[in-house]
Amino acid sequence: MRRITLAALLLAALATASVGAAGTSSAVAGGFRPDPIQPGRGSVSMVEGTRSEDVVTIRVSATGATDVFGAAFDVTYDPSGAEYVGWSRGTLLEQGGNAPNYTVARPRDGAVIVGASRTGPGGVTASGQPIVSLSFRVRRRGAFPLAFRNAALYDSRKPPQPIGGIAWLAGSLAGA
């Protein structure tokens, strides 16, 4: 009887430990706080997508730009407070059944490098659709800025030219 009780206690302890190790319970709840400026005409902004415990997905969305053929930008973050998890396709460059080329480089020195372009002729009009979504795991409590660097939207001319007057609006990951 003593062995059965000891075995039951051991199994209960292992089950509790494996729940925490599997990541089903997180000590940090992740979120996103956008820059206080509202995205407007001629902007690319970070917007919170989905979140699940400590993982937050950020949609990088374009608004009010015409003839958009592609985008290139870096997203910088604090690797001590957040970890890049992955990316997913947006819908902006896929309009009209287009199959864009996406290049998202694994982060180096706290920066994810993103490039995306249409493969067919012509650009599209941006009205709030995401270019790409990026997911981050918040590691601890606090606010961890995300920022754009080396950012440009490109038109459909040959060769593509940067579209001027675009405001790039970022924000912060938040761990609570």
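A few notes on this one:
- Of interest is the spacing of the C-alpha centroids, which for region 115-168 and region 29-61 amounts to 13 Å.
- Formal net charge of residues neighbouring P145 (Cβ-Cβ distance under 14 Å; K, R +1; D, E -1): -1
- Reported label for calculated Rg/Rh (Cα atoms, Kirkwood Rh) given [x] 1.01; [y] 1.16; [z] 1.28: [y]
- With K and R counted +1 and D and E -1, the other residues having a Cβ less than 12 Å from that of V124 yield a net charge of -2.
- Mean Cβ neighbour count within 10 Å, used as a protection proxy, ranking 38-51, 92-105 highest first: 38-51, 92-105
- Separation of the Q95 and Q38 label points, Cα + 7 Å toward Cβ, nm: 2.2
- Packing, as the average of other Cβ atoms within 10 Å across residues, places the peptides 134-144, 159-169 in the order 134-144, 159-169, highest first.
- Only helical runs count toward this figure. For the chain, summing -39,500 (n - 2.57) over DSSP H runs of n ≥ 4 and dividing by all residues gives -4000 deg cm²/dmol at 222 nm.
- Between helix 2-21 and the chain: long-axis angle, C-alpha atoms, 0 to 90°, nearest 10: 10
- A Cβ-based charge dipole, computed about the Cα centre of the chain with Lys and Arg at +1 and Asp and Glu at -1, lands at about 440 debye.
Only the coordinates and a few stated rules stand behind these numbers; no lab work does. Computed from a prediction, not measured in an experiment: that's the story for all the values here. All Cβ positions, glycine included, derive from the backbone under ideal geometry; neighbour counts span all protein chains shown.
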